[in-house]
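What follows is a short report on a single structure.
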Amino acid sequence: MSHPPLYIDFLNALDVEALKLTDAEIIAAVEAGLAAQGRGQTEIEPRVHLMPKAGASGHFNVLRGAFRAPIARAGVKVIGDFVDNYKQGLPSEMGLLLLMDPLTGVPTAIVDGSHLTDMRTGAITAIGARYLARKGSKVLGHVGARGTAYWNVRLLDSLFDFDEIRVHSRRPESRDAFGARLSADLGKRVVVTQDWRSCVEGADIVVEASRLTAPEPMLKTDWIKPGAFVVPYGTMSAVELSLTDIMDKLVVDDWGQCKGGPFGSLRAHVEAGKLSEQTLHAEMGQIVAGLKPGRESEDETILFWHRGLSLSDIALGHFMLQKAKTMGLGQRLRYA
């Protein structure tokens, strides 16, 4: 059979940077994807992992999903997670998003997955806070300084305009550089702390995005104040088993992928039955779509665990491609 020429749109990392997406654009694109998930207009399969065991500490995450509406895109993202990449001057997370037509299976686009992952992760954190944190939250405590951490803080601050931002990470050079970058970009003082406790204790919003190589309870439940919003999403658990005991609501991005697999900050809580279908309040998409309530009182202490959604990758990748066309960015590659 003959058919017209088929092309793939390609956005590399330089193209994605040149898009200069605004904070509002990133949040809006990801929020639209969450709403579609909540309305049942998507398909998502739990992420799987490829462990190359090639002598380095790392693995590949493979995320898969599809939209039926309001966009028609299916996608697969493969992104590496290699914790020692900083020793070679490389980001810990690098990968690609492949987008396809869900009706024909024809590949339609390839988008750099590194910047996209950082942005969509920060957007999920910020959207979670929009619906689940107290409106008057003014103190942020953030542990972790990897690529996603920057967008967590930046997008959260775009919504809350914090009076105090505290950051911490394991390596002094990493946390100092992280604090300096945030301070310059946000135009406000950022407090770089020497330990976990001084970073998160008493904060209104607590984000744990650490890079532990094995589970270790570094974040103590006693440090979380009543009414706080807590987002632990490290690959390896850094929280105590008692953390879920103080929560009034437990929210996840997708229960299907949170309840299985070897990784995740609340893996032990799932295995112990502390986080289950019975104790789960909602998926974030249900809240965004208005099907389940978010925060209902100032007194609620709420936890949001997100593993990372293929749907968020697809939604943001779709928006990037649309904006790139208006700006004349990217390349067209002959596929067939």
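The values are calculated or read from the model by the stated rules, or taken from the named source; none is laboratory data. Because the structure is a prediction, the values reported are computed rather than measured. Positions of Cβ are backbone-derived with ideal geometry, glycine not excepted, and every protein chain shown enters the neighbour counts. Keep in mind that these areas ignore ligands, DNA and RNA; they rest on the heavy atoms of the full protein, side chains included. Shrake-Rupley method; radii C 1.70, N 1.55, O 1.52, S 1.80 Å.
A few notes on this one:
- Scanning the stretch 132-180 for residues that are surrounded by fewer than 16 Cβ atoms within 10 Å (Cβ to Cβ) and at pLDDT 95 or above yields Lys135, Gly136, Lys138, Asp161, Asp163, Glu164, Asp176, Ala177, Ala180.
- Selection count, the stretch 6-20, where residues are open to solvent by less than 80 Å² (accessible area, probe 1.4 Å) and either farther than 18 Å from Lys325 by Cβ or touching a helix residue (DSSP H, G or I) at 6+ places or on another chain (Cβ under 7 Å) (or both): 6
- Pairing residues of the stretch 289-308 that are within 23 Å of Asn152 (Cβ to Cβ) with residues that are open to solvent by 30 Å² or more (accessible area, probe 1.4 Å) and of a type in the set (Ser, Thr, Tyr), at Cβ distances under 7 Å and at least 6 apart in sequence or on separate chains, gives Gly294/Tyr131; Arg295/Tyr131.
- Residue that is at pLDDT 95 or above, within 20 Å of the chain's Cα centre (by Cα) and either assigned to a loop (DSSP other than H, G, I, E, B) or farther than 21 Å from Val48 by Cβ (or both), where the choices are Leu280, Leu243, Leu212: Leu280
- When the criteria are applied in full, Leu266 fails the requirement of being at pLDDT 95 or above and either closer than 20 Å to Leu63 by Cβ or of a type in the set (A, V, I, L, M) (or both).
- Those residues of the stretch 78-99 which are in a strand (DSSP E or B) and either aromatic (Phe, Trp, Tyr) or open to solvent by less than 40 Å² (accessible area, probe 1.4 Å) (or both), in sequence order: Ile79, Gly80, Asp81, Phe82, Glu93, Gly95, Leu97, Leu99
- The stretch 32-63, residues that are open to solvent by 70 Å² or more (accessible area, probe 1.4 Å), part of a strand (DSSP E or B) and modelled with pLDDT of 95 or more: Glu43
- The stretch 256-266, residues that are open to solvent by less than 30 Å² (accessible area, probe 1.4 Å) and without any contact (Cβ under 8 Å) to a residue 40 or more places away in the chain: Leu266
- When Asp253, Asp248 are checked against the criterion of being modelled with pLDDT of 95 or more, within 30 Å of Asn12 (Cβ to Cβ) and of a type in the set (Asp, Glu), a single residue qualifies: Asp253.
- Of all residues in the stretch 27-55, those satisfying the criterion of being of a type in the set (Lys, Arg) and in contact (Cβ under 8 Å) with a residue 24 or more places away in the chain are Arg39, Arg47.
- Per-region count, the stretch 215-235, residues surrounded by fewer than 23 Cβ atoms within 10 Å (Cβ to Cβ), among the hydrophobic types (A, V, I, L, M, F, W, C) and either in a loop (DSSP other than H, G, I, E, B) or modelled with pLDDT under 95 (or both): 1
- Criterion applied to Leu321, Leu303, Leu329 was being assigned to a loop (DSSP other than H, G, I, E, B) and either over 26 Å from Val206 (Cα atoms) or open to solvent by less than 30 Å² (accessible area, probe 1.4 Å) (or both), and the one residue passing it is Leu329.
- Asp101 being touching a strand residue (DSSP E or B) at 6+ places or on another chain (Cβ under 6 Å), free of Cβ contacts under 8 Å to residues at least 40 places away in the same chain and of a type outside the set (A, V, I, L, M): yes
- Single condition Ser114 does not satisfy, out of (1) at pLDDT 95 or above; (2) outside any loop (DSSP other than H, G, I, E, B); (3) surrounded by fewer than 23 Cβ atoms within 10 Å (Cβ to Cβ): (1)
- Cβ-Cβ contacts under 7 Å between residues 6 or more apart (or on different chains), taken from a first residue in the stretch 6-26 that is of a type in the set (S, T, N, Q) to a second residue that is assigned to a strand (DSSP E or B) and open to solvent by less than 40 Å² (accessible area, probe 1.4 Å), are listed as Asn12/Asp112.
- Among residues of the stretch 169-191 that are within 16 Å of Leu140 (Cα to Cα) and part of a loop (DSSP other than H, G, I, E, B), those with a Cβ under 9 angstrom from a residue that is modelled with pLDDT of 95 or more and among the aromatic types (Phe, Trp, Tyr), sequence gap 6+ or separate chain, pair up as Ser169/Phe178; Lys188/Phe162; Val190/Phe178.
- Residue pairs meeting the criteria (Cβ under 6 Å; at least 6 apart or on separate chains; first closer than 22 Å to Phe82 by Cβ, in the stretch 196-217; second at pLDDT 90 or above and open to solvent by 40 Å² or more (accessible area, probe 1.4 Å)): none
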